[in-house]
1. Among the residues that make up the range B:44-66, is at least one of them within 14 Å of chain A (Cβ to nearest Cβ), free of Cβ contacts under 8 Å to residues at least 12 places away in the same chain and closer than 30 Å to residue A:177 by Cβ?
2. Pull out all pairs, ordered by first then second residue, where Cβ-Cβ is under 6 Å, the residues are six or more apart or on different chains, the first lies in the range A:52-72 and is within 11 Å of chain B (Cβ to nearest Cβ), and the second is surrounded by fewer than 20 Cβ atoms within 10 Å (Cβ to Cβ).
3. If we only count helices (runs of 4 or more DSSP H) wholly inside the range A:1-103, which ones have 3 or more residues that are modelled with pLDDT under 95 and over 22 Å from residue A:165 (Cβ atoms)?
4. Would you confirm whether any residue within the range A:137-156 is within 12 Å of chain B (Cβ to nearest Cβ), in contact (Cβ under 8 Å) with a residue 60 or more places away in the chain, within 18 Å of the chain's Cα centre (by Cα) and under 25 Å from residue A:103 (Cβ atoms)?
5. Does residue A:197 count as in contact (Cβ under 8 Å) with a residue 12 or more places away in the chain, more than 22 Å from the chain's Cα centre (by Cα) and either surrounded by fewer than 16 Cβ atoms within 10 Å (Cβ to Cβ) or farther than 26 Å from residue A:112 by Cα (or both)?
6. Only one of these is away from every other protein chain (no Cβ under 14 Å) and in contact (Cβ under 8 Å) with a residue 24 or more places away in the chain: B:145, B:141. Name it.
7. What are the residues in the range B:159-209 that are over 22 Å from residue B:34 (Cβ atoms), in contact (Cβ under 8 Å) with a residue 60 or more places away in the chain and in a loop (DSSP other than H, G, I, E, B), if any?
8. When the range B:195-205 is examined, which residues are found to be at the interface with another protein chain (Cβ under 10 Å from one of its Cβ atoms) and either crowded, with 20+ Cβ neighbours inside 10 Å or closer than 17 Å to residue B:23 by Cα (or both)?
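The values are calculated or read from the model by the stated rules, or taken from the named source; none is laboratory data. What you are looking at is a predicted structure, and each value in this text was computed from that prediction instead of being measured. Glycine also receives a Cβ, built like all others from the backbone with ideal geometry; neighbour counts cover every protein chain displayed.
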C-alpha cells in the first residue's frame, strides 16, 4: 500500500461540506414531516376507516416497505416525465423520501393507535367527536409520549437516507462530497470526513431530540 | 405512453433480457443474503465482546461500542464509497461485488450487534447469578444459558434487517455492481421505457423482500407466543 492520506487538500472544503449538511437536514425535516402527516392519516384510516380504504393503505405500506427507496425515486424521476410530470431532482427525492417515510411512520403510528384503550374512543364517540377531532384531541395526546422515541429514531434514519439524493445530483452533504472529490481527487479523505460529519450530525440530532423529549414528555431516552 | 409500452413489452421480456435480469437478481440475492449472514455472525461476536459478564474486557468493549455507534450512523452510500476507495487505493485487486459485499457485512455487523445486545439483556439477572454460583465458564454461560434463551428475541428482527440490506444493495449500483438496479439502468439506457425497467425490478425486489419480511413476522408471532406460555 503506497498511498499516503493527505487531508490538507480537503480540510479547506469542510465549510462547503457543512453547507451541504444544512440541505441534508432540510430534506430530512421535510420528508419526516410529510411522512408523519401521511402516517397519521393512514393510521387513522387503518383504525377508523372502511375496509376498502384500509386495504389500500395496507397495500401502500407493504409496497413501500418492501422495495428500495432508490428504485422508488428512480421510478418517480424517470417514469413520471413519460406521463407529462416533470420534477426537479430535489422534488423527486423529497417526494420519494416522504412516501417512503410515510409507510414506516404508518406502521409506527398504527402500533400507537392500537395501544389506546377502547373505552377512551367510545367515550369520545359518545360525546360526538368526529374522527379527525377524535384523532387530534384524544388519540394523539395519549400516544404522543409512547410514540416519541420511535419517531425520533425515524428522524435519524431520514437524516442518513438523504444521502441517496446525491445520486440525483442534489448537492446535499454526500452530493457535495462528490463535487469535492472530483475537484481534489482525494477520494478516501473526502468520504472519510463526510462519514465523520454524518456521525456527528446524527449524534447532535439524537441528543437534541432526547433533550426535547425530556422537556416535552419526560421521556428518558438513551442516546447510546 | 401506454401504446409505446405495449409495443415495447414483448421486446423487453425477450429471452436475452430475462437472462440478464435473472443474473442481476442472483447477484442481488447473493450480495444481500451472504452479506447479511456474515455480518450477523460478526455482529453477534461484537455483542458478546460488549457484554461485561461475557467477554467484555474494557478495551474490547470500547472498540466494539465505538464500531457499532459509528457504523450505524454513516449512510450506506458513504460507507460504500469509503470501502470502494479504500480498496482502490490499497492496490488490492477486488471485484466490485467484493467491495459491495464488504460494505453490506460492515453495516450488518453493526446493526446485528444491537439486536444481539437486546437479546442478551433479555436474559434475567438471576440466571447470570445462578450460572456464576455454579462456576460456569463464560463459554458455558454463553452456550448453555444465554444462547438458548435469547435466540427467540434475536432471530425475528434479523429478518427485518435482512430486508433492509436487500434494499440497500440497490445503492451498490452506484459503483457499477451488476445487480437489479444497475441492470434496470442499463436496460433503460438501451432505450426500453423507464416504466418497464424500473417497474419490473420494483416487482422483483418486492418478491424477494416481502417473503423475507413475512418469515420474520411469522417467527415473531410464534416465538413470542411460546415465550409467554
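1. Within the range B:44-66, the first condition is being within 14 Å of chain A (Cβ to nearest Cβ), and the residues that meet it are B:50, B:61-62, B:64-66.
Add one more test, that the residue is free of Cβ contacts under 8 Å to residues at least 12 places away in the same chain, and what stays is B:62, B:66.
Narrowing further to those that are closer than 30 Å to residue A:177 by Cβ: B:62, B:66.
Yes: the range B:44-66 contains one or more residues that are within 14 Å of chain A (Cβ to nearest Cβ), free of Cβ contacts under 8 Å to residues at least 12 places away in the same chain and closer than 30 Å to residue A:177 by Cβ.
2. These pairs meet every condition: A:66/B:206; A:66/B:210; A:67/B:206.
3. Working: elements: A:8-11, A:14-48, A:51-65, A:69-79.
In the range A:1-103, the matching helices (runs of 4 or more DSSP H) lie at A:8-11, A:14-48, A:51-65.
4. In the first step, residues of the range A:137-156 are kept if they are within 12 Å of chain B (Cβ to nearest Cβ); the result is A:153, A:156.
With in contact (Cβ under 8 Å) with a residue 60 or more places away in the chain added as a condition, the list becomes none.
No, the conditions are met nowhere in the range A:137-156.
5. Values: in contact (Cβ under 8 Å) with a residue 12 or more places away in the chain: yes; more than 22 Å from the chain's Cα centre (by Cα): no; either surrounded by fewer than 16 Cβ atoms within 10 Å (Cβ to Cβ) or farther than 26 Å from residue A:112 by Cα (or both): yes.
In short, no.
6. Numbers: B:145 fails: in contact (Cβ under 8 Å) with a residue 24 or more places away in the chain.
Among B:145, B:141, only B:141 is away from every other protein chain (no Cβ under 14 Å) and in contact (Cβ under 8 Å) with a residue 24 or more places away in the chain.
7. B:192, B:193, listed by residue number.
8. Taking the range B:195-205 as the starting set, the residues that turn out to be at the interface with another protein chain (Cβ under 10 Å from one of its Cβ atoms) are B:195-199, B:201-205.
Correct list: B:195, B:196, B:197, B:198, B:201, B:202, B:203, B:204, B:205.
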